[in-house]
Each structure stands twice: as C-alpha cells, then as structure tokens.
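> Let me give you the structure first, and then I'll get to my questions.
Just so you know, all these numbers are worked out from the coordinates, no wet-lab data involved. Everything numeric in this text was worked out from a predicted model, so none of it was measured. Cβ placement follows ideal geometry from the backbone for every residue including glycine, while neighbour counts extend to all protein chains displayed.
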Amino acid sequence: MTRLGWGVRAYCFIAAMWIRSTMAYRTSFVMMAAGSFVSSVLDFVAIMIMFSHVDSLAGFSLHEVALLYGMSATSLGLADLLLGSFDRVGTRVRDGTMDTMLVRPVPALAQVAADRFALRRLGRIGQALLVLGWALAGLRLEGGVWALPLLAVTVLGGTAIFGSVFVLGGAFQFIAQDAAEVQNSFTYGGATLLEYPPTVFAKDVVRGVTFMIPLAFVNWLPALRLLGRDDPLGLPGWADFAGPAVAAGCCALAGLAWRAGLRAYRSTGS
C-alpha cells in the first residue's frame, strides 16, 4: 500500500472512531447538529434582511447572491468537516501532544486531520445545500448540460482550496504557535467575503483573492460564468474552468508546507 493510501485508510479509521464516540450520545449529537444548522441559517437570514431593503446588490439578485453563498458555504463546510482540526496544531505544539502523533506509525497529517472528527458539522453543510438548492430553483444557469457538472466540480475544487488553507494554517502554527485566528481569517473570513458579489469590492481586493490567495476560484469565477456575467478583472474565459488545476496546486503547496513545518518542529523541550 502506498503512503497516500495508508494515510487515507488511517484517516478513515480515526474518523470512524470519533463517529462511534459521537453516536454513543445520539441526543447530544442531534442537538449540536441542529445548533450548527440554526447558527448557519442566521448567516443567510442577515442577507435576506438586507434584500428586504434593496432590490439588488451591486446588480446581483437575491437568488444570485444565494448561489454564491451556497457554493462558498458548502465548500467551507466540507473542508471544515474533513480538515477543521488543523486550528488546534498550535495548542498541540505548545503542550507537547504533537510528539505523541509523531511517534505513531501513522502519518501525522492524517492524525491531525481526523482528530476530534466533528460529525455535528453536517448541520452547516445541510444548511448550505438547502440554500444552494433554493438558489438553483430560482435561476436559469448558462452553459446548458455543462452547468451542473461545472457547479459540482467547482464545489469539490473549493473544498480542496479551503482544505489547503486549513493545512497551510496548521503548518504556519509550527512557527507561530498562537496563530489559529490568522488561519480562521482566511477560511471563515474568506468564505464570508465570497458570499457577496465581487462587484461589491474594490478591484485590488478581487485581485488579491484571485492571484495571491486564490479563493475566487471557490465560487466567484465559475459562478460568473454560470450566471452569464462579466468578470470584473477581464480574465480570459478559460480562467473560469481553472478551479481544479488551482486546487491541485494549492494541495501540493499545502503538502510541502506541512512537511517543512514538521521538519522545523523541535518539541517543547520538556
């Protein structure tokens, strides 16, 4: 078995262990998943309240903004479910528990990713999918038969991009041990940014999330293609389909950064 295959298998074993632990208290699980769902609903309610006072936002209708919201929130929700534990790397480095992961015959990346696998995060994903479905019901997408496949590939690519940011944030915490909030500013903060049309923001901001931290490929560029709208940066048409390639590049970069972080790790010294 390859190292990648062993890592995926180990991740599944650890995640299954946490799922069994969670389902031992099913009422608690249902309540926490429902709480996650409700708190996510409130995020979209804020957008609906905004549209109760305006007909459009920078030329985008409520259903179009809902499409942006649904794509971004679904990708972040999946990444958070699969890799959301990386914000605790700094804590593990400070208290020395990272050492226990390094001495086990299992890739540290798989252990950190599956640590405290939180099935309750399905509530967030469910809410995002409902908003996405509602948006699609009220829109006529461009692209014909390729519209829905492009949407599905974009959501999966967005999941990989957000997941890469989680891993990069974890790697950074080997150096700056109290940097979880920095990571969150690019994941949760980035998702909030992507919930609104790119025409709301200055072009410098749009350039930053396109060329520096490529979050625009999570939903902005493909969504503009699906909605038949012009790209505010005037990028070539093929850029709307570059999400999978960008996601692959982000994953490769995150893997290199994680390995560099592990090499730089020197334990607590105690």
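> If one computes P(r) from the Cα atoms of the chain, what percent of pairs lie at distances over 22 Å?
59
> If you add up the charges near D231, with Lys and Arg at +1 and Asp and Glu at -1, over every other residue whose beta carbon is less than 9 angstrom from its beta carbon, what do you get? The partial results should precede the final answer.
Working: positive: R225, R229; negative: D230, D240.
Combined, the nearby Lys, Arg, Asp and Glu give 0.
> To test your reading of the geometry: what angle, between 0 and 90 degrees and rounded to tens, separates the Cα axis of helix 3-23 from the longest principal axis of the chain?
Result, in degrees: 90.
> Another question, if that's okay. Once you list every other residue whose beta carbon is under 11 Å from the beta carbon of P197, what net charge do they have if Lys and Arg are +1 and Asp and Glu are -1?
Within the 11 Å Cβ shell, the charges total -1.
> By the scheme Lys and Arg +1, Asp and Glu -1, what is the net charge of all other residues having a beta-carbon under 14 Å from that of A16? Walk me through the intermediate numbers first.
Details: positive: R9, R20, R116; negative: D115.
The answer is +2.
> Then there is this: Applying a 10 Å radius around every beta-carbon, put 171-177, 27-33, 160-166 in order of their mean neighbour count, most first.
Ranked from most to least packed, the peptides come out as 160-166, 171-177, 27-33.
> Measure nothing fancy, just the Cα-based angle from helix 180-194's long axis to the longest principal axis of the chain, in degrees from 0 to 90, nearest 10.
In the chain, helix 180-194 runs at an angle near 20 degrees to the longest axis.
> For the range 65-75, what does the Karplus curve 6.51 cos²θ - 1.76 cosθ + 1.60, with θ = phi - 60°, yield as ³J(HN,Hα) per residue in whole Hz, taken in order and with x for Gly and Pro?
My calculation for the range 65-75 gives 5, 4, 5, 4, 4, x, 5, 5, 5, 5, 4 Hz in order.
> OK, next. Could you rank the peptides 47-57, 231-241, 131-141 by their average count of other C-beta atoms within 10 Å per residue, with the highest value first?
Per-residue mean Cβ counts within 10 Å order the peptides as 131-141, 231-241, 47-57.
> Do the sum for the chain: with -39,500 (n - 2.57) for every DSSP H run of n ≥ 4, divided by all residues, what is the mean residue ellipticity at 222 nm, to the nearest 500 deg cm²/dmol?
Per the formula, -22000 deg cm²/dmol.
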